[in-house]
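Below is one structure; the comments refer to it alone.
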Amino acid sequence: MATQTAGSAAADDPARTGDRADPAALSPHLTADDRVALLRHMLLMRAIEARALTLYRQGRVPGSFYDGFGQEAVSVGAAFAMAAQDRLCILHRDLGAHLVRGVEPPRILAQYMGRASGVTGGRDGNVHFGDPALGCVPMVSMLPDMMCVATGMAMAFKLRGEARVALTFFGDGSTSRGDFHEAMNWAGVQRLPVVFVLENNQYAYSTPLEKQFAVDPVERARVYGFPGVTVDGNDVEAVFEAVWVARERALAGEGPTLIEAVTMRMHGHAAHDDMRYVPPEQLAAWAARDPIERQERRLVELGVDVAALRAEVEAEVEAAAAEALAAPMPDPADATRGVFAVGEAQPLGDGRAPWSGFANDAPARANGGDSGAVR
Ligand SMILES: Cc1ncc(C[n+]2csc(CCOP(=O)(O)OP(=O)(O)O)c2C)c(N)n1
Ligand SMILES: [Mg+2]
């Protein structure tokens with residue numbers, strides 16, 4: 001069996017050899033520009049979800065509406081640490097990961113409203129989607145099946161000797177399911193290049209942590225033979241660094257890492273849920289630890305005009321909403337397209353991850369980040 005090693009793709013990466021460190025950053029792998037990009041993506045995620053919630057209440061978003069309000073640091077920080085050739089299994093609270101991979105806001109809002117220009121062309125709403133060409137694997141609804149999908153992809157990378165890593169998000173509720181244990185066991189036995197990001201947001205629907213497990217699930221990693229790390233899930237730079245280290249470990253052939261990002265679901269399970277089961281003082285305590293305000297405070301110290309960045313993001317989201325609202329509904333005759341696989345198998349693309357810590361080459365940014373290269 002081929003051994004997973006840190007290939008030339010990783011060794012040649014300018015992000016690893018260049019002068020990246022911003023002395024004020026929590027991670028030595030972040031530049032000042034990266035730190036602003038992290039904030040920008042969190043602001044985008046929050047603004048898109050706030051706009052979409054209004055559209056939902058106006059009856060323009062069919063089905064239900066799930067968001068990751070308060071959890072922006074997890075998906076943004078984790079996705080930012082992954083390279084274009086990596087694969088991400090993105091769940092219902094992880095919009096930031098789609099954004100970091102390069103899915104444009106008008107496509108996302110069109111997706112939520114079932115428009116033809118959405119990622120799935122109107123086949124699902126705001127949860128089960130992903131652009132495979134950008135390395136985003138569409139979500140399987142049964143939780144946490146994506147842990148098995150990510151583990152399977154990592155197995156393929158290992159068998160092919162490819163220097164790439166799979167990452168999957170999943171919630172605290174998932175840790176009570178068998179798939180969690182199956183994926184962790186196989187990944188540990190095979191030392192697979194996979195990063196498991198457990199998004200501990202204090203609740204699985206209305207069930208609090210103390211009714212889910214007697215021992216923090218991060219401790220289970222050890223019994224499957226790999227490290228379990230707890231990180232402040234409301235600190236985007238801390239999440240980035242933990243995932244960076246886990247990815248390095250995976251590329252070095254040392255196997256998986258379980259990262260528990262501790263955060264809080266600041267909204268109900270979905271838009272219909274008034275979350276009356278959440279004590280107000282718990283919400284207030286977490287509101288004081290808001291991940292966006294935290295990153296803003298750091299950047300203000302660096303002299304960044306945070307108000308201007310906020311205004312720019314608000315304007316971008318307003319324009320994206322207008323574009324999505326003007327987009328046509330799908331043609332009903334198209335409804336059965338993609339139900340069965342026909343013709344040649346389409347390999348997943350290598351993604352763009354245009355603003356990730358791995359995409360700092362000027363030409364790639366200048367042409368929209370689509371260098372097409374596997375670094
Ligand atoms: C096997 C399975 N059971 C139930 C559901 C319905 N469901 C969707 S999200 C959710 C809550 C999951 O909680 P958690 O894993 O903590 O994720 P969170 O929503 O808090 O991010 C449930 C019960 C599902 N998708 N799959
Ligand atoms: Mg949860």
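Modelled spin labels at Ala50 and Arg289, positioned 7 Å past Cα toward Cβ, are 2.2 nm from each other. Applying the criteria of a DSSP loop state and at most 16 other Cβ atoms within 10 Å to the trypsin sites (Lys or Arg not before Pro) of region 274-332 yields Arg276, Arg289. Using the Cβ-Cβ distance between Thr207 and Thr230 with R0 set to 22 Å, the FRET efficiency works out to roughly 0.60. Of the whole protein surface, His29 contributes about 40 Å² of accessible area at a 1.4 Å probe radius.
Using a probe of 1.4 angstrom, how much of the accessible area of the chain is carbon and sulfur, in percent? Working shown, then result.
Working: 8620 of 15460 Å².
Accessible surface attributable to carbon and sulfur in the chain totals 56 percent.
Mean residue ellipticity, 222 nm, helices only, the chain: the sum of -39500 (n - 2.57) across DSSP H runs of n ≥ 4, divided by residue count and rounded to 500, is -12000 deg cm²/dmol. Packing, as the average of other Cβ atoms within 10 Å across residues, places the peptides 114-125, 146-157, 67-78 in the order 67-78, 146-157, 114-125, highest first. Listed values for region 37-46 are Karplus-derived 3J(HN,Hα) couplings in whole Hz (6.51 cos²θ - 1.76 cosθ + 1.60, θ = phi - 60°), namely 4, 4, 5, 4, 5, 5, 4, 4, 4, 5, and x replaces Gly and Pro. At an R0 of 45 angstrom, the distance between the Cβ atoms of Ala322 and Asn185 translates into a FRET efficiency of 0.40.
The peptide list 216-223, 338-345, put in order of mean Cβ contacts within 10 Å with the highest first, becomes 216-223, 338-345. The label-point distance for Ser141 and His272, in a model that sets each label 7 Å from Cα toward Cβ, rounds to 1.2 nm. Within the full protein context, the accessible area of Thr257 is estimated at about 10 Å² for a probe radius of 1.4 Å. The candidates His98, His272, arranged from most to least accessible area with a 1.4 Å probe in the full protein assembly, appear as His272, His98. Against the criterion of solvent-accessible heavy-atom surface with a 1.4 angstrom probe, Thr175, Thr230, Thr336 sort, most first, into Thr336, Thr230, Thr175.
Accessible area per residue for the chain, computed on protein heavy atoms with a 1.4 Å probe, is 41 Å². The Cα atoms of the chain cover 54, 52, 47 Å along the three principal axes, with the biggest extent listed first.
The values are calculated or read from the model by the stated rules, or taken from the named source; none is laboratory data. Just so we're clear, the structure is a prediction, and the values are computed from it rather than from any experiment. Because the Cβ atoms are built from the backbone with ideal geometry, glycine has one as well, and the counts that use them run over all protein chains shown. Quick note on the areas: whole protein, heavy atoms, side chains included, nothing else; ligands and nucleic acids left out. Shrake-Rupley method; radii C 1.70, N 1.55, O 1.52, S 1.80 Å.
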